[in-house]
Each structure stands twice: as structure tokens, then as C-alpha cells.
Amino acid sequence: GLSVFDFMMHLITQAQVQYPVIAAATAFNLGAARGVILDLNEVTAGQGGDADKRTSVFYLLARWVTVGQWFVHTDDLDRVPERYLAYHTERIREILEDPKFAIYDEFHRTNGSVSARRVVDRDARENGKFNIRLAIASQVPGDFDPQFLEEHVATRFILSAPENTGSLAQAFGLNAEEEHLLKKLNGPGPHGSPILALLDTREGPYRLFCSDPVPLEWLWALNTTAED
């Protein structure tokens, strides 16, 4: 029974209550920061309609806040006033020349977020022309779309494996010898952290079983074991 005007006011008021972080003028500036981390743990919890919508909103907001300024073109200079042209010409040149990394950790939290996954898929297709490398991390291969892995992921690092390695081997297309190496991925130890690296290059595929010799201080400082 609401008019269109009243219904729109209801939606706007509801959005202001649910998303206060975007209900006011922007008061956030990264300045010249070279590395930025945004923790989305509190705003991407839960599953289902409202939780998935909230996850989509905040993943896309975080992406824009942290890396949105990277998506520039030299064509953008056509719209810059003359007095600012020299500054923005140098700024855009530096942005396009610098190698950049966008990293999504705990990617399983986007499982119900079609919007976030669609944007990540597009970034995987187009980031190369902006000199951006995309890294995505999660605990199990089921957190990734099989088509996404096949089409966009040329470098994979496997750090651990379940006791039954069949599904993992199938997801990454491993042969019998490579699957056997999965059983040696048993976490950090005196000789470092074992890693199975799968690299698909223009010269052909490379398969490396290597170890990351993390110093003892790092093992202590960066572990997530409660008793330690």
C-alpha cells in the first residue's frame, strides 16, 4: 500500500541502518600506503539471504577502497583539466608500471556471494592489463569454482592435504606421482614448510616439491595455535 516515494524512503532508511559504514560521506583515505589489509571477518559471517547480500556488499566495497585506484587508463587523461594534467599523467604512469597484488584470503566466505565471485572472475580475466596479480587462498579446493581454476589459475600452491587425497588430486589434475607427494605435506617442521607448487607457463608445466625454511621466530610469531 506504499507509494513509490514512501517505498524508496523505506529502502534508503533500511540501508542506512544495516550499512552505517556507507551511510555517510567518505572519511577514509589510504594516502600513499604501499600495503593495505582490511579484515572483513565481522561483516561476512553467516550464510543465507541477508548474510550473502552483506558479504557481497562488503567484499566489493573493500575491493574498491583498497585497489579501486589501480584501474586507470591513459584515456582518462582526456578528462583532466590542463592545470592538473602533468600530475595525473605521472600518477597514472606509475600506477600502470608498478607490479601490484590483490589477495583474497578465506575465500570460502564468498561461497554464497554471486556478485563478489563474478567480480573476482572478471578481475582474473582483465587484471593483467593493469599489471595486477590476483592471489586467492582457502582451505579446501571445493571453495573454488572448477571452471575458474581451469580457466584462470596458472599458479597453485598446495600447503596441506587430507588423508584421502583423491578429490584434491582430481581438482588439480594431478598424476599418481604428484598425488603421492600430497602425503608429504604435513605442515611446518624443523626443515621448513613443505609446498607442492603447480606452475603452468608458456614453456609448459612445472611441478616443484619445495620447502619454505621459515625461521623459528616466525613459526612462533605467525602460528595460530591457541596454546602456543
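The values are calculated or read from the model by the stated rules, or taken from the named source; none is laboratory data. Predicted, not measured: the structure shown is a model, and the values here were computed from it. Virtual Cβ from ideal backbone geometry, glycine too; neighbours counted across all protein chains shown. Areas reflect the complete protein model, heavy atoms only, side chains present, ligands, DNA and RNA absent. Shrake-Rupley method; radii C 1.70, N 1.55, O 1.52, S 1.80 Å.
Values computed for the structure shown
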item	result
Yes/no for Ala102 being in a loop (DSSP other than H, G, I, E, B) and closer than 19 Å to Asp143 by Cα	no
Any helices (runs of 4 or more DSSP H) falling wholly within the range 1-98 and containing at least 1 residues that are closer than 26 Å to Leu134 by Cβ and under 28 Å from the mean Cα position of the chain (by Cα)	49-67, 85-97
Residues being under 26 Å from Arg34 (Cβ atoms) and either under 11 Å from the mean Cα position of the chain (by Cα) or assigned to a helix (DSSP H, G or I) (or both) - total across the range 126-141	11
Residue among Arg122, Arg133, Arg118, Arg109 that is basic (Lys, Arg) and within 20 Å of Thr201 (Cα to Cα)	Arg133
Any hit, the range 210-228, residues being touching a Phe, Trp or Tyr at 6+ places or on another chain (Cβ under 9 Å), surrounded by fewer than 13 Cβ atoms within 10 Å (Cβ to Cβ) and either at pLDDT below 90 or under 26 Å from Ser56 (Cα atoms) (or both)	yes
Subset of the range 112-135 [at pLDDT below 90 and crowded, with 16+ Cβ neighbours inside 10 Å]	Gly112, Ser113
Check on Thr74, farther than 30 Å from Asp145 by Cα, open to solvent by 50 Å² or more (accessible area, probe 1.4 Å) and touching a helix residue (DSSP H, G or I) at 6+ places or on another chain (Cβ under 9 Å)	yes
Hits in the range 1-53 (condition: polar (S, T, N, Q) and surrounded by 10 or more Cβ atoms within 10 Å (Cβ to Cβ))	Thr13, Gln14, Gln16, Gln18, Thr44, Gln47
Pairs, first hydrophobic (A, V, I, L, M, F, W, C) in the range 132-156, second at pLDDT 85 or above and assigned to a loop (DSSP other than H, G, I, E, B), C-beta under 6 Å, six or more apart	Ala137/Asp105
